[in-house]
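Participant: Okay, here's the structure, questions in a sec.
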Amino acid sequence: MASSSSSLLLRFFVAKPAPRPTKNATCFSSQRLTKRHYPAIASPQNRINQTEPHNTTGNRLQHHSPLHRRGFITRSACAPAPESPLMDPEEAPLKIGMVGFGKFGQFIAQGLKRQGHAVMVTSRSDYTEYCKQNEFQFFRSMDALCEENPDIMLICSSILSTESVVRKIPFHKLKPDTIFIDVLSVKQFPKNLFLEVLPPQFGIVCTHPMFGPESGKDGWTDLPFVYDRVRVAGSQAGNCERFLSIFEHEGCKMVEMSCEEHDRHAAGSQFITHTIGRILSHLNLESTPINTKGYETLLKLTENTVSDSFDLYYGLFMYNVNATEQIENLDRAFETVKQKLFGRLHDILRKQIVERIPAAMEVNGDRRRMKRNSDSHRASPYFLPHSQEISYITAAFAPSGETASSSKARPPMHSLIGRGNKSEDVF
């Protein structure tokens, strides 16, 4: 009897299937673990190619049967995951050395910290207390920072000072696989500078977060982040993708674009925006009780652009080869609008002046007949060669209390109206 019950019990344990892992189980299949806990693993690959499955080395993965793909047959819970630096849960955070720690650098550093990476800072000013409060490491010298062997050297200096800053970096104290990344608002300039100055073993990635402390104060979701992998070796690809994933996880819209294309677009968008804001700031615009939405937008634009330093605006002009063309286009556009306005005003004034001329006038005691201008005497549309002459048109109808001196300063009206006989002029 004991033998029979033992046999039945043995069959029971042998036949009973192993329980499927639950959501609360300690070990998951690698597919679920990757998808649920490591969104960064798939994200960089999605930027590269979403049509073919790849592993982190760029090789095509083996296609499994439909049962594997649907999750009915999974890899053993105890089987090791494929080797990948991005999939290692015990991997140390990136060591990111920031050179320059102004308002924008501090803003970016907060995002790096939110993603769990170590931020090390050096700057011309002393930010020791700020770094203590925000769990950053501050180094008073560039040499001390480089001796910490950062994985990433993030250049956050101003555009105007970037070249002198980069040339002072002690490259011999850095690891050979260090990646240099900039966040400047122009891209061809840092790209060419890095290619000229950096040793060939260093990686180069040019980036531009298209937002700042004001536009990104409520989060970075859907804000554009432009990047260009200028020079990234195989051993540097992992850290490069991990750095880019920081901004992807913050919700940025990732835009891969060449530095040259970026500067063409930026000149027609960012630089023009800053230029219009700077022009409006000289008008000293103020809020009114009857603000329109459009006017409030202009006030906000002025506030945002003026809050940035003039050095930043000058850098956008000086270090973007497309900026000069945009300035000239803006100037021509403004002149065109003025010509349309005052060209039409000239026609109206000419008509009013001609119709006011009396049929008969007395000059020096003699009565002379003045005929109305015929079609041959009508002035053709006149476009003002200089904006200063616009004031002469409106001065033609100045109040009668005008002083003699101001009247003498005004040129004869026939010079504006056109081809009337001087002997018949009434001005």
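Participant: Enumerate the helices (runs of 4 or more DSSP H) found wholly within segment 109-170, keeping only those where 3 or more residues are modelled with pLDDT under 95 and out of contact with any Phe, Trp or Tyr (no Cβ under 8 Å at 6 or more places or on another chain).
Facilitator: Numbers: elements: 128-133, 142-146, 162-167.
Passing ranges: none, list empty.
Participant: Here's something else I'd like to know. Being on the phi < 0 side of the Ramachandran plot and in a helix (DSSP H, G or I): is that true of T275 here?
Facilitator: Criteria met by T275.
Participant: May I ask you to say which residue of E261, E256, E214 is assigned by TED's automatic domain parsing to the domain that holds K113, modelled with pLDDT under 95 and of a type outside the set (S, T, Y)? If you could, list the steps in order and put the result at the bottom.
Facilitator: Details: E261 fails: modelled with pLDDT under 95; E256 fails: modelled with pLDDT under 95.
Step by step, each of E261, E256, E214 is checked, and only E214 is assigned by TED's automatic domain parsing to the domain that holds K113, modelled with pLDDT under 95 and of a type outside the set (S, T, Y).
Conditions tested, residue by residue: (1) of a type in the set (S, T, N, Q); (2) over 30 Å from E163 (Cβ atoms).
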| position | (1), (2) |
| --- | --- |
| E303 | no, yes |
| V306 | no, no |
| Y319 | no, no |
| T324 | yes, no |
| L330 | no, no |
| K340 | no, yes |
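Participant: Look through G238, G234, G216 and report the one residue that is of a type in the set (G, A, S) and loosely packed, with under 14 Cβ neighbours inside 10 Å. Working first, answer last.
Facilitator: Numbers: G238 fails: loosely packed, with under 14 Cβ neighbours inside 10 Å; G216 fails: loosely packed, with under 14 Cβ neighbours inside 10 Å.
Going through G238, G234, G216 in turn, just one is of a type in the set (G, A, S) and loosely packed, with under 14 Cβ neighbours inside 10 Å: G234.
Participant: So, one more: Within segment 282-318, count every residue that is among the small types (G, A, S) and part of a helix (DSSP H, G or I). Before you say what the answer is, go through the steps one by one.
Facilitator: At the first step, the residues of segment 282-318 found to be among the small types (G, A, S) are 287, 294, 307, 309, 315.
Subsequent filtering for residues that are part of a helix (DSSP H, G or I) retains 294, 307, 315.
So the count comes out to 3.
Participant: Could I ask something else about it? Could you say which residue among P150, P170 is on the phi < 0 side of the Ramachandran plot, touching a residue at least 24 places away in the same chain (Cβ under 8 Å) and out of contact with any strand residue (DSSP E or B) (no Cβ under 8 Å at 6 or more places or on another chain)? Reasoning before the result, please.
Facilitator: On the way: P150 fails: out of contact with any strand residue (DSSP E or B) (no Cβ under 8 Å at 6 or more places or on another chain).
It is P170.
Participant: Continuing with this model, one more query. For D375, indicate whether it is modelled with pLDDT of 90 or more and surrounded by fewer than 11 Cβ atoms within 10 Å (Cβ to Cβ).
Facilitator: Working: modelled with pLDDT of 90 or more: no; surrounded by fewer than 11 Cβ atoms within 10 Å (Cβ to Cβ): yes.
Judged against the criteria, D375 is not a match.
Participant: Still on this model: If I filter segment 269-293 down to residues being surrounded by 15 or more Cβ atoms within 10 Å (Cβ to Cβ) and not β-branched (V, I, T), which single residue comes out as farthest from M210 (Cα to Cα)?
Facilitator: Among those residues, the one meeting the criterion is L280.
The rows are residues; the columns are (1) touching a helix residue (DSSP H, G or I) at 6+ places or on another chain (Cβ under 6 Å); (2) under 27 Å from C252 (Cβ atoms).
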{"residue": "R114", "(1), (2)": "no, yes"}
{"residue": "M142", "(1), (2)": "no, no"}
{"residue": "M153", "(1), (2)": "no, yes"}
{"residue": "I159", "(1), (2)": "yes, yes"}
{"residue": "H172", "(1), (2)": "no, no"}
{"residue": "I181", "(1), (2)": "no, yes"}
{"residue": "F194", "(1), (2)": "no, yes"}
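Participant: A further question follows. Could you tell me which of the residues N304, N320 is modelled with pLDDT under 95 and either exposed (fewer than 14 other Cβ atoms within 10 Å of the Cβ) or not hydrophobic (A, V, I, L, M, F, W, C) (or both)?
Facilitator: Numbers: N320 fails: modelled with pLDDT under 95.
Exactly one residue qualifies, and that residue is N304.
Participant: So, E256, is that one within 22 Å of the chain's Cα centre (by Cα) and either in contact (Cβ under 8 Å) with a residue 12 or more places away in the chain or at negative phi (or both) or not? Explain how you work it out, then say what you get.
Facilitator: On the way: within 22 Å of the chain's Cα centre (by Cα): yes; either in contact (Cβ under 8 Å) with a residue 12 or more places away in the chain or at negative phi (or both): yes.
Yes.
Participant: May I pose another question? Give the residue that is surrounded by the fewest Cβ atoms within 10 Å (Cβ to Cβ), with candidates limited to residues of segment 171-189 that are of a type in the set (D, E, K, R) and in a loop (DSSP other than H, G, I, E, B).
Facilitator: First, the residues of segment 171-189 that are of a type in the set (D, E, K, R): 173, 175, 177, 182, 187.
Those left that are additionally in a loop (DSSP other than H, G, I, E, B): 175, 177, 187.
Values: K175: 13, D177: 15, K187: 26.
Out of the qualifying residues, it is K175.
Participant: Additional query: Quickly run through segment 319-344 and pick out the residues that are within 13 Å of H274 (Cβ to Cβ) and either of a type in the set (A, V, I, L, M, F, W, C) or part of a helix (DSSP H, G or I) (or both). Full working, then the answer.
Facilitator: Within segment 319-344, the subset within 13 Å of H274 (Cβ to Cβ) is 320, 323, 326-327, 330.
Selection gives A323, Q326, I327, L330.
The values are calculated or read from the model by the stated rules, or taken from the named source; none is laboratory data. All values reported here derive from a predicted model rather than from experimental measurement. As a convention, Cβ positions derive from the backbone with ideal geometry for all residues, glycine included, and neighbour counts pool all protein chains shown.
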